[in-house]
Structures are given as C-alpha cells and as structure tokens.
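Just passing along the structure, written as structure tokens.
Every number here is computed from the coordinates shown, using simple stated rules; none is lab data. In this text, all values refer to a predicted model and were calculated from it rather than measured experimentally. A quick note on method: Cβ atoms are made from the backbone with ideal geometry, for glycine too, and the neighbour counts reach across all protein chains shown.
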Amino acid sequence: MKVAVQQEDLQLLAKTLQEQLLVEVSTPEVFEVKCAVKKDELMILTQHTSDVIVDAQLIFAVIEEVLQSLAPHKEQRVQCFLRVFGEQLPYAKCFLALKQKGGWGAGGDEEAGGDEGAGGDEGAGGDEGDEGVGGDEGDEGAKSFLSYSSSSSSSSPSSSLTYFPSIDETKEEEPFDPFADAPNLSASKPAFQVKPILVGAALMGIVVLGGGAYLLTRPCVMSECKEIQNAEQLKTKSPQLMRRANSEKELVAIQQQLAAASAALNVIPSWSPRYQVSEELKATLSGRAEKINQVVKALQTASLAAEKVGYSLEELQARQHLWRQAIAPLETISSSNELYGLVQGKLLSYRVRLHAVNQQVFSEEKWLKKLTAVKAVANAAENRETTAKSLNEWQKVQSTWLVVVNALNTIPQTSAGYQEAQKLLIDYKPKLVAARDRATKEQFAVKTYQQAVNTAKQAKFYQQQNQWQAAATYWDQALQTVKKVSQDSLYYTQAQSLIEPYSAALKQAQEKLQVVSSLQQTRTDLDKTCINGIRICTFSIDNTRIIVRLTPEYDQVRQNNLANPDSKNSDTAVDVTNHLQILREALAVISDNANLSLFLYDSQGQVIYTRTLGG
C-alpha cells in the first residue's frame with residue numbers, strides 16, 4: 001500500500017474509531033486513537049490513562065467491527081496497538097488481515113520476532129500466556145482472527161494486560177513510536193458519540209484500506225477542489241451579475257450557472273474535510289438560484305398574462321389570476337436583495353396592468369349581472385302577460401318590457417354580454433310592441449266603454465225631463481259608442497251586455513218622441529182649425545182623446561144666423577150649418593192623424609159630435 005494517504009483522512013478514521021469506542025466500551029473513561037501508515041500497513045494505536053483497567057479483547061473487537069464495515073478492493077494488513085499514556089511501548093497488540101471479499105485472517109507479528117504465531121483459518125498461538133483466538137474451520141477466512149500478547153512484567157503498568165516485548169530485553173530497546181507524525185485527538189473533548197449503526201453507515205464507502213487508497217480517489221479529499229473554487233468565485237461575483245441583469249434571459253443564464261455550481265458540489269462525499277464548506281456553498285448558491293427562479297417564473301407568468309386576449313369574464317379572470325401570480329412572488333423580494341431594482345420596475349408595470357384587468361373584470365361582472373337580472377325581469381313580464389285582465393295590468397306588462405329593452409340597450413359592445421343582449425333584443429322588442437299595442441287597445445276600449453256609459457247617463461237625464469228628442473239622440477249615441485268596443489279587448493263582454501238595454505231605451509225614446517211630435521202636429525192643426533177670423537173653438541189633448549169646445553162667440557154667431565137667416569149683414573154672417581160640418585170633418589181628420597178619440601162640445605158643454613178610434 002502506498003503511504004501517500006492524506007493526513008486528514010487518517011484523522012477522520014481515528015476520530016470515528018475513538019467515538020465508536022466511547023459508545024461500545026461501558027466506561028466513563030476517554031480513549032485516544034491515532035492512525036498511521038507504515039510500510040503499506042495501516043497502524044491503529046489506542047491510548048488510555050494508567051489508572052484504567054481495560055479489556056483489550058473488547059477494544060480490538062470494536063476496532064475489528066468498524067474495519068469490517070469497510071469494503072477494501074485488495075488485501076490489506078492492519079496492526080492494532082493498546083498503550084498507556086506516557087509509555088513508549090504498547091502493552092497489547094493484534095494483527096488483522098483484510099481480505100478483498102471481506103474475509104479476515106490473523107498473522108504473526110513479524111516485528112516482534114515471531115513470539116506470537118498467526119494461524120490462518122484454524123487459529124493462532126502465542127508463548128507464555130499469549131492468548132489466541134481461532135476462527136471456524138472451513139470458513140475460508142470469512143471470520144476474524146485476533147492475536148494478543150501480554151506479560152506480568154513488574155515494570156508494566158497496573159493493567160490486566162501488559163506488553164511482552166518481542167525482542168531480548170537485555171538489548172537496548174529502540175523507541176517505539178510509529179505514530180510520531182499522527183495528529184493528537186483531544187481526549188477530554190470528543191466531538192460527539194456516534195451510535196454503532198451510524199458508525200457503519202458513516203464509514204461505509206468512506207475509508208477503504210488498500211492499494212492506492214480509495215479515499216484518495218474521491219473528489220475534494222486529497223487534491224485541490226475545483227468545485228469549491230468555482231462555487232466560491234460564483235458566490236462572490238453572482239450578486240453583481242444579479243444586480244446588472246435587465247432581462248429574463250440574463251437571469252436564466254445566471255440561474256443556470258448557480259445551479260450547475262451547486263450541483264457540482266454534490267460529488268463531495270460527506271467524509272471530506274471540505275464537506276461542510278461545500279454544504280454551506282450549496283445552500284448559498286441554491287438560495288440565490290431559487291430567488292432568481294422565483295423572479296424568472298414571475299416574469300414568464302407576466303409575459304403569458306400579457307399575451308392573453310379575450311373579453312369574456314372567464315378570460316379576464318384568467319388574466320387577472322396570472323397577473324396576481326406574477327406580482328405575488330416579486331413582492332417578497334426585499335430591498336436588500338440584488339434583484340430588488342429589477343423587480344421594482346416590473347412590479348409597477350404589473351400592478352398597473354392588474355388594475356386595468358380588475359376594472360375590466362368588475363365592469364364585465366356588472367354587465368353580466370345586469371344581463372341576468374334582465375332575463376329575470378323578462379320572465380316576470382311574460383308571466384304577467386298570461387294573467388293580465390285589466391288595463392292597469394297590461395300597462396304594467398308594457399312598462400316591464402320597456403325596462404327590459406332599455407336595460408339591454410345599455411350593454412356596451414366591449415362587453416362579452418353584448419352579443420347575447422342583441423339576440424335577446426330580437427326576441428324582446430316585438431313583445432314590447434305587442435304589449436304596447438294591447439295596452440293601447442285596452443285603453444281605447446276602456447275609454448269607449450266609459451264614454452258610452454256616460455252618454456247613457458245623459459240620455460236618462462233627458463228622458464226624465466220628458467225631453468224625448470234629446471233623450472233619443474243621446475241613447476242613439478250611447479248605443480253606437482258601446483258597439484265600438486274592440487272584440488279582443490277585456491271590455492268587449494261588458495260592452496255587449498249594454499247593447500240590449502241601450503237599444504230598448506232608444507226605441508222607447510223614439511216612440512215617445514213620435515208621440516210628442518204627433519201631439520205637436522195635432523195642436524198645430526187644431527190651432528189652425530179653431531181660428532177663422534174669430535176663435536171658433538178651444539181644445540185640450542191627453543194620451544187618449546182630443547176635447548174640442550166651441551167658443552161662446554162662435555155659438556152666438558151661430559145662434560144669430562139661425563134666428564135671422566135673411567140678415568143683410570153679410571160681413572159677419574156665417575154659414576153656420578156648413579161651417580160646423582166642415583169643422584167636424586177637419587177635427588175628424590186631426591183625430592185620425594193623432595190616433596186619438598174626438599169629443600166636440602158647444603160652449604154650454606153639450607156634446608155636438610164624438611168620434612172614437614176605429615169609428
């Protein structure tokens with residue numbers, strides 16, 4: 001084995017063995033372990049104070065157990081020593097042969113002069129009390145064999161096992177110090193105690209004892225560590241790069257450098273003395289890369305939001321969500337962060353865009369709510385149409401449709417609801433027109449009906465005053481008006497119910513008017529008949545008869561003519577006999593025309609002539 005094993009690797013192995021001894025050996029005492037390489041052999045020295053009684057077999061067994069957890073790639077010899085602090089020579093030792101497949105064999109101590117013999121698979125023997133441990137037969141070296149030497153020399157320390165020198169004590173002893181160059185580990189301040197299960201896991205694959213030393217092949221163990229150098233350089237210059245970045249592309253480039261440098265540090269094993277530094281560098285670089293990634297994602301989200309188009313509520317809300325996603329991570333960038341300058345410029349622009357989208361969303365939600373409300377009002381108007389039974393109800397239907405149409409007309413073209421509003425207007429406008437026409441028709445029907453009723457009231461008034469001419473005229477107007485009520489109006493039935501009584505009233509008035517007219521003509525005729533130079537007669541008329549009375553003057557003339565038929569006074573003479581006959585005939589004609597009976601009396605009340613209807 002080459003002896004170019006780096007000192008820190010041996011120190012790591014020694015530290016691990018020391019901590020495992022603290023765990024496995026039930027004692028409050030502290031051990032110190034040193035490791036060195038001499039002539040291609042690994043040498044392990046364990047020291048303790050002189051007042052401690054130590055079980056050497058247990059100590060060597062613990063060391064063997066730790067070494068067994070390793071995976072050597074070639075055969076390796078190991079020497080283990082146990083010594084008291086301050087002494088030059090160990091008082092106990094063992095030899096271990098590390099096989100490639102993990103088998104162990106024990107060999108003799110050549111440097112001790114062969115006092116202790118090492119057997120292969122069968123066992124080992126020693127002189128004067130030397131203890132030997134034998135392996136199982138046929139195990140092909142899979143088990144370990146430990147060979148210990150001890151003596152009860154009076155010059156040895158007070159211990160159950162003491163060192164028995166392998167050379168002649170009479171000869172001058174050479175100083176035994178194979179660990180002169182090995183570093184001292186603090187016996188009073190161990191870093192920590194490692195549980196047995198953790199020791200094996202920690203050492204597995206870390207220390208391989210064999211030609212070329214596998215430890216030397218791992219990154220950043222023996223040679224210079226370019227990964228850490230690169231990481232440290234990037235750690236120093238990345239803040240300036242981040243401050244100078246003005247675009248997403250530049251940030252991505254910096255992020256990739258940080259991620260690559262951080263990933264490169266993953267090759268450094270946990271047993272490397274530079275491992276802790278690498279972990280700190282990884283944390284720093286990864287943190288910066290994550291911050292950049294956070295900003296890059298925000299910028300990409302903002303770009304996506306800016307590319308989005310469309311004015312539907314869903315599309316606006318999607319843009320709104322994207323702008324919020326872009327803004328939220330940028331707001332977490334503190335003023336001490338290198339990206340703060342870039343972020344603040346973007347934030348102002350993004351907030352303005354978000355505000356604009358918020359306004360659009362608010363407006364669109366308002367119009368969509370209005371559209372929904374309009375549909376509800378339209379449904380109410382349709383329901384009212386099916387139940388309307390009066391002018392007032394049809395006027396409500398008309399006003400409801402008017403509200404619907406006016407509301408739809410207010411929805412702007414920029415709204416996503418505009419197209420739907422226009423489609424609804426196509427359906428709703430005709431309904432408004434129909435409702436308006438129906439309300440107008442009902443209003444006219446009501447007006448006509450009421451006019452007929454009012455005219456009939458006026459006719460009744462004149463009828464009560466026996467003014468049959470006026471009564472007949474108004475009854476006729478009332479009848480004609482009520483017939484004008486539209487057949488498809490709500491008042492049609494009521495109007496029809498008035499036609500019959502109005503017609504009867506008109507007929508009665510006309511008959512009364514005819515009677516009155518006839519009587520008037522009779523009076524006129526009687527007036528003409530009863531006056532002929534002198535008043536011949538007077539008359540009275542009732543519903544059944546005409547009574548005519550001759551005046552005393554006419555009777556006197558008639559008596560005088562009868563007494564002096566030869567009188568020469570021709571101016572006043574009257575042919576009484578002929579005149580009375582003519583009078584009766586004229587009165588008879590008047591009676592026939594008036595369809596009334598006639599009674600003619602003289603001035604004394606004596607009946608001169610009678611004429612009854614039909615005679």
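Using a simple charge model, +1 on the beta-carbon of Lys and Arg, -1 on the beta-carbon of Asp and Glu, nothing else, what dipole does the range 223-383 show about its Cα centre, in debye to the nearest 20? Before the final figure, lay out the partial values.
Working: 21 positive and 16 negative charges, 72 e Å.
Magnitude of the dipole: close to 340 debye.
Answer rounded, prolate or oblate for the range 223-383, using the Cα gyration tensor with square roots of eigenvalues a ≥ b ≥ c: rounded when a/c is under 1.5, else prolate when a/b is larger than b/c, else oblate. Present the calculation step by step, with values, prior to reporting the outcome.
Numbers: a/c = 4.64, a/b = 3.21, b/c = 1.45.
Prolate, since a/c reaches 1.5 and a/b exceeds b/c.
Here is a further query. Take ARG274, ARG351 and order them by how many other Cβ atoms sit within 10 Å, fewest up front.
So the residues, fewest neighbours to most, are ARG351, ARG274.
At a Förster distance of 30 Å, what's the computed FRET efficiency of GLN229 paired with TYR340, Cβ-Cβ distance as r, to 0.05?
Values: r = 29 Å, r/R0 = 0.97.
In this case the efficiency is close to 0.55.
Something else: Take every Cα pair under 8 Å in the range 241-396 that's 6+ residues apart, average their separations, divide by the length, and report that relative contact order as a whole percent.
On the way: 109 pairs, mean separation 31.6, N = 156.
Normalised by residue count, the contact order of the range 241-396 is 20 percent.
Right, something else. Arrange the following residues from fewest to most other Cβ atoms within 10 Å of their Cβ: MET242, MET43. Let's see the in-between values first.
Details: MET242 23, MET43 20.
Lowest to highest Cβ neighbour count: MET43, MET242.
At a Förster distance of 30 Å, what's the computed FRET efficiency of ARG351 paired with GLN413, Cβ-Cβ distance as r, to 0.05? Numbers along the way, then the final one.
Details: r = 28 Å, r/R0 = 0.94.
The pair ARG351/GLN413 has a calculated efficiency of 0.60.
ARG584 to GLN300: extension gain in nm, 0.36 nm per residue of separation minus the Cα-Cα distance? Before the final figure, lay out each step's value.
Numbers: separation 284, 0.36 × 284 = 102.24 nm, distance 12.99 nm.
Here the answer is 89.3 nm.
Another question about this same structure. What is the distance, in nm, between label points placed 7 Å from the Cα along the Cα-to-Cβ direction at ASN454 and at ASN406?
3.0
Could I ask something else about it? Put a dot 7 Å past each Cα toward the Cβ at GLN469 and THR493; how far apart are the dots in nm?
4.2
Simple spin-label model, 7 Å along Cα-to-Cβ: GLN256 to GLN559 in nm?
Calculated label separation equals 16.0 nm.
Moving to a separate point now. Which length gain, in nm to one decimal place, applies between ASP51 and ILE531 when the Cα-Cα distance is subtracted from 0.36 nm times their residue separation? Present the calculation step by step, with values, prior to reporting the outcome.
Values: separation 480, 0.36 × 480 = 172.80 nm, distance 18.63 nm.
Stretched out fully, the ASP51 to ILE531 stretch lengthens by 154.2 nm.
Kindly state, to the nearest 0.05, the FRET efficiency for VAL23 paired with ARG244, given R0 = 60 Å and r defined as their beta-carbon distance.
Values: r = 53 Å, r/R0 = 0.89.
Once rounded, the FRET efficiency stands at 0.65.
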